[in-house]
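Next up is a structure, given as structure tokens.
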Amino acid sequence: MRISNVNGLILANIIVIGVAFAFFLPGQDIRLIHPYTGAVTDDRKPLFEWSSSGDGSELVIDDDEDFSTPYVFSVTGRSAVLSEELEYGTYWWKVRNGNVESEAGKFTVVSTVSLSRPEKGIVINSGNSELLFYRSGVTGAFVLGVNQTIEVGEEENVMAEQK
Amino acid sequence: MSWQSRSRLITAVLVASLMILCSAGQVDALGVTPGRSTIDFEPGKTIKKTFTITNNEHKRFNAYIYVEDSIGKYITFDTPVIAFDEDDSSKQFTYTINLPERLVPPGDHWGKIIIMELPPDVDSGILETSITSMSDKTVGLIEYAGDSAEATQIVATVAVIHQVRIKVPYPGKYMQLDMSVQEAVPGEPVRFFVKMFNLGKEDIADARASIDILGPTNEVIATIESGPVSVKSMQKGELLAVWNTDTNPGLYHASATVRYDGEVGKTSKNFYVGNMLVDMIDITVKDFSLGDVAKFDMLVESKWNQPIDNVYAHMVINDQNDNKVADFKTASLDMEPFEKAHVYAYWDTEGVLEGDYIANLALHYGDRVNEREIRTKVGINSIRMDFSPTAGAVISEEGTLEQYPVIMLIALLIAINLGWFVYFRKRRS
């Protein structure tokens with residue numbers, strides 16, 4: 001069958017426009033990548049990753065499964081890191097762009113109390129929370145921030161708890 | 001030596017070197033996660049909980065575990081000593097809480113499970129401990145008997161604590177409140193979250209918040225309301241209120257009043273709109289002759305609603321070959337909210353040649369720096385700076401890349417249609 005010139009022109013336009021819609025416009029499905037559902041992390045500023053959703057997307061995070069009072073962030077691209085630390089607890093999150101919305105993912109942020117002695121005489125808060133720090137021979141405690149170091153005696157006992 | 005033997009020897013040396021390097025950096029490290037468990041009180045209930053002891057540095061040691069504080073007597077576990085080998089990055093620990101029939105007073109009751117790191121050769125069978133009470137806030141000191149009955153050794157220890165919090169409900173209706181703010185830049189809505197925890201024995205049917213927004217002079221500039229929510233006993237709830245305004249950037253204060261079933265509670269929080277910013281508006285050099293001292297007159301503007309101290313500029317000028325030819329600073333000044341002010345810097349241009357230079361200008365204010373590069377042209381009787389104030393726009397390159405294929409396809413479409421048009425015309429003619 002011979003295609004007429006006009007029909008050929010229309011067909012060429014349809015093909016090009018179809019390719020544009022199929023490959024380069026925002027996908028109809030937004031898939032959450034990280035944190036994966038069920039993740040437990042001590043990272044209070046986790047990296048959020050998802051499949052491409054196009055410009056004008058929103059990252060929605062809530063500690064309520066029904067997203068009744070969510071934090072909403074305008075995002076571009078396929079990843080984001082919050083500027084503020086999350087409190088400990090369980091969160092649900094999703095990404096939406098207009099009428100397209102991903103399924104909700106769930107993750108938990110836990111606290112970690114950790115003391116390290118990288119060298120003699122130095123102790124560091126290697127966890128993810130502010131600590132109340134105790135040392136033998138000293139009454140009371142003081143606050144040791146995350147990654148903060150303190151000099152202690154080599155024979156000194158030290159103890160810490162979450163502030 | 002055959003090549004196989006040589007390669008085995010090299011491999012052995014490499015592995016040994018790696019092990020030495022790893023062990024050289026070996027450190028002490030002990031951790032517990034989570035750092036805290038929270039339990040709602042239920043009379044007579046038995047609850048099993050777990051936490052994880054971490055051994056990030058993969059060393060051999062014994063973890064000795066004991067309890068303290070008011071609810072310590074309700075906590076039990078099977079073994080107080082857990083042995084760690086180099087292969088153990090972490091181990092789980094399970095404990096049981098046997099809640100009594102009654103716990104008073106209402107509110108939080110705390111217990112502490114202490115995890116203490118001991119050397120691997122300490123046998124729990126001969127271990128004698130002398131632990132100073134935590135109420136004195138001093139740390140435990142371990143004395144243990146060695147092989148000899150008279151021998152004692154003092155061991156410096158590291159200990160971490162897993163806190164156990166039991167929430168005992170209050171009679172009637174009682175709410176614990178907190179507030180967080182999702183800050184924004186001017187023009188974007190600011191979202192306020194009032195977090196509620198119903199610590200009472202009764203459910204709360206209607207809780208709502210009224211939030212006053214206070215400006216830098218403590219005046220109420222807006223009041224916003226949340227919708228109502230209900231909160232069951234010993235459950236959490238949250239109220240959301242949104243402030244839609246294009247206010248000036250700066251520090252503000254939010255004061256929330258929460259009314260719930262005839263009771264009232266309050267919470268408050270400071271928050272920022274936008275970022276603290278001091279911008280360079282203009283730089284001019286007047287009455288200049290090459291070889292003399294050039295006076296830079298820099299006009300700066302604060303875009304913040306609070307005073308900002310210690311504002312000064314630091315300029316480094318490089319020639320086209322990136323050689324530094326000048327490095328000077330202005331005096332510092334303290335700026336009032338939204339103030340415009342002049343700062344001055346001086347450059348001795350003796351020996352400086354005419355030509356194009358690059359000035360790296362850093363404007364310091366508070367603990368922040370606003371930096372930019374400025375093309376500078378030094379002439380016989382003038383210094384011109386190619387300067388334009390900027391708010392630091394962010395360009396999303398990823399978005400541009402994603403649009404590129406679409407643009408190409410549209411161009412292809414136009415080309416196809418034009419091609420057909422030209423072809424038709426030629427055929428007709």
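Give me the dipole magnitude in Debye, nearest 20, for the range A:26-109 about the Cα centre, with unit charges on the beta carbon: positive for Lys and Arg, negative for Asp and Glu. Could you put the intermediate results ahead of the total?
Numbers: 7 positive and 16 negative charges, 66 e Å.
Here the range A:26-109 has a charge dipole of around 320 debye.
Going by amide H atoms built from the backbone, whose H comes under 5 Å of the H on A:PHE67, apart from near neighbours?
HN-HN under 5 Å from A:PHE67: empty list.
Give me a single rounded figure for B:33-39: the average over its residues of other chain Cβ atoms within 10 Å of their Cβ.
Going residue by residue through B:33-39 and averaging, the value is 6.
Quick check: net charge around B:PHE338, other residues with Cβ under 15 Å of its Cβ, Lys/Arg +1 and Asp/Glu -1?
Residues close to B:PHE338 contribute a combined charge of -3.
According to the Cα gyration tensor, what semi-axes, each the square root of 5 times an eigenvalue, does the equivalent ellipsoid of the range A:115-162 have, listed from largest to smallest in whole Å? Spell out each step's value before the answer.
On the way: eigenvalues 48, 38, 10 Å².
Working through the eigenvalues yields semi-axes of 16, 14, 7 Å.
While we're on this one: What's the magnitude of the charge dipole for chain A around its Cα centre, counting Lys and Arg as +1 and Asp and Glu as -1 at the beta-carbon? Answer in Debye, nearest 20.
820 debye
Which of A:LEU144, A:GLY18, A:ALA80 sits closest to the plus end of the dipole of the range A:16-146, meaning its Cα is farthest towards the positive end, when Lys and Arg get +1 and Asp and Glu get -1 on the C-beta?
A:LEU144
Here is a further query. Which residue, B:GLY366, B:SER302, B:TYR312, has the largest displacement toward the positive end of the dipole of the range B:278-386 when charges sit on each Cβ (Lys, Arg +1; Asp, Glu -1)?
After comparing all options, I get B:SER302.
Hey, what's the Cα Rg ratio for chain A versus the globular rule of thumb, 2.2 N^0.38 Å? Mind dumping the intermediate values first?
On the way: Rg = 25.7 Å, N = 163, 2.2 N^0.38 = 15.2 Å.
Rounded to two decimals, the normalised Rg is 1.69.
State the percent of C-alpha pairs, over all pairs in the range A:26-109, separated by a distance greater than 23 angstrom.
12 percent
Another question about this same structure. As an exercise, identify the trypsin sites (Lys or Arg not before Pro) in the range A:73-136 lying in DSSP coil whose Cβ has no more than 11 other Cβ atoms within 10 Å.
Passing sites in the range A:73-136 are A:LYS120.
Excluding A:VAL60 itself, calculate the net charge of residues whose Cβ lies under 14 Å from the Cβ of A:VAL60, where each Lys or Arg counts +1 and each Asp or Glu counts -1.
Here the charged neighbours net out to -4.
Still on this structure: Given a cut-off of 21 Å, name the pairs among B:LYS91/B:LYS167; A:LYS106/B:LYS91; A:LYS45/A:LYS163; A:LYS163/B:LYS91; B:LYS49/B:LYS173 whose C-alpha atoms lie farther apart than that in the structure shown.
Violating the 21 Å Cα-Cα cut-off are B:LYS91/B:LYS167; A:LYS106/B:LYS91; A:LYS163/B:LYS91; B:LYS49/B:LYS173.
Given +1 on the Cβ of Lys and Arg, -1 on the Cβ of Asp and Glu, and no further charges, what dipole in debye does the range B:175-273 carry about its Cα centre, rounded to the nearest 20?
Rounded to the nearest 20 debye, it is 260 debye.
Towards the positive end of the charge dipole of the range B:170-314, with charges on Cβ (+1 Lys, Arg; -1 Asp, Glu), say which of B:SER210, B:MET196, B:SER233 has the farthest Cα.
B:SER233
Bear in mind these aren't lab numbers, they're just calculated from the coordinates by the rules spelled out. Since the structure is predicted, the reported quantities are computational estimates derived from the model, not experimental observations. FYI the Cβ positions are ideal-geometry reconstructions off the backbone, even for glycines, and counts take in every protein chain you see.
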